[in-house]
Amino acid sequence: MPLPVNCDPDIETIPPQKQGMVNFADMGYAPSERLQRVKALYGGSISLIDKGVGRILRALDELGLTENTLVVFTSDHGEMLGDHGLWQENCPFDASARGPMLARLPGRFAAGAVNEDLLSLLDFMPTMLELAEVDYPGQPALAGDSLLGAEGGGLAQKREDQVVEIGRRAGRWLSLRGHRWKYSYWMADG
């Protein structure tokens, strides 16, 4: 497994509240061996999940339910895996802030399509309500937008930027990201 991006960071560039995460995965191996081992184990976990999702999709095919079943695979965050010397999540680097989302619903989402829209987990509820043909008469209005607005799946009106918030109170990150840039601010005191 390749070593993480910038796996030997300058500890001074990491906010004090996150510095404890730098050595989080120290398991007694030499640094490069440790990082490669952790990445390999994580990759094995992902492979196991992939096989499980494959079994679900095959079962839907065998039962004749594929055309009528929405399958969504997602996560609320990515994983640093040692990039920039950090582990787990809770920081604005793309490895943490961007999570996977795969969806399959024949006739609604184009097979194999890649969507580059700036999406949010807040878009899930409006999407699910629209798919279920359920009106939401309540107030306030839902914060997200349906992902069924564009042909083949995606937002009807593309976002130019997206606010990303990580954490609460002290130690909170705020980011404003566009398609080509991202500005992040660390709120050490909340």
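Remarks
- Number of the condition not met by Thr127 [criteria: (1) of a type in the set (Val, Ile, Thr); (2) assigned to a loop (DSSP other than H, G, I, E, B); (3) surrounded by 14 or more Cβ atoms within 10 Å (Cβ to Cβ)]: (2)
- Candidates Leu60, Leu81, filtered to the one that is in contact with a helix residue (DSSP H, G or I) (Cβ under 6 Å, 6 or more places away or on another chain), surrounded by 14 or more Cβ atoms within 10 Å (Cβ to Cβ) and part of a helix (DSSP H, G or I): Leu60
- Criterion applied to Leu142, Leu174 was being over 17 Å from His77 (Cα atoms) and outside the structural domain of Ser75 (by TED's automatic domain parsing), and the one residue passing it is Leu142.
- Per the conditions (1) touching a Gly at 6+ places or on another chain (Cβ under 7 Å); (2) assigned to a loop (DSSP other than H, G, I, E, B), the sole criterion not satisfied by Pro140 is (1).
- Residue identified as over 21 Å from Val53 (Cβ atoms), at pLDDT below 80 and within 17 Å of the chain's Cα centre (by Cα) among Gly144, Gly167, Gly171: Gly167
- Pair list, Cβ < 7 Å and 6+ apart or interchain, from segment 64-80 residues that are of a type in the set (Asp, Glu) to residues that are outside any strand (DSSP E or B) and surrounded by fewer than 13 Cβ atoms within 10 Å (Cβ to Cβ): Glu67/Pro106
- For Val134, the conditions (1) free of Cβ contacts under 8 Å to residues at least 24 places away in the same chain; (2) part of a strand (DSSP E or B) all hold with the exception of (2).
- Residue, farthest from Cys91 (Cα to Cα), within segment 131-190, restricted to residues that are among the acidic types (Asp, Glu) and surrounded by 11 or more Cβ atoms within 10 Å (Cβ to Cβ): Asp145
- Restricting segment 95-119 to residues that are closer than 23 Å to Gly78 by Cα, surrounded by fewer than 16 Cβ atoms within 10 Å (Cβ to Cβ) and among the small types (Gly, Ala, Ser), the residue that is modelled with the highest pLDDT: Gly112
- Gly54 being at negative phi and loosely packed, with under 13 Cβ neighbours inside 10 Å: yes
- Here segment 52-95 is the region considered, the condition is being farther than 30 Å from Gln162 by Cα and among the β-branched types (Val, Ile, Thr), and the residue that is nearest to the chain's Cα centre (by Cα) is Ile56.
- Test: residue in segment 56-76 that is within 22 Å of Arg177 (Cα to Cα), of a type outside the set (D, E, K, R) and not assigned by TED's automatic domain parsing to the domain that holds Ser175: yes
The values are calculated or read from the model by the stated rules, or taken from the named source; none is laboratory data. Here the structure is a predicted model, which means the values were calculated and not measured. We place every Cβ from the backbone using ideal geometry, glycine too, and count neighbours over all the protein chains shown.
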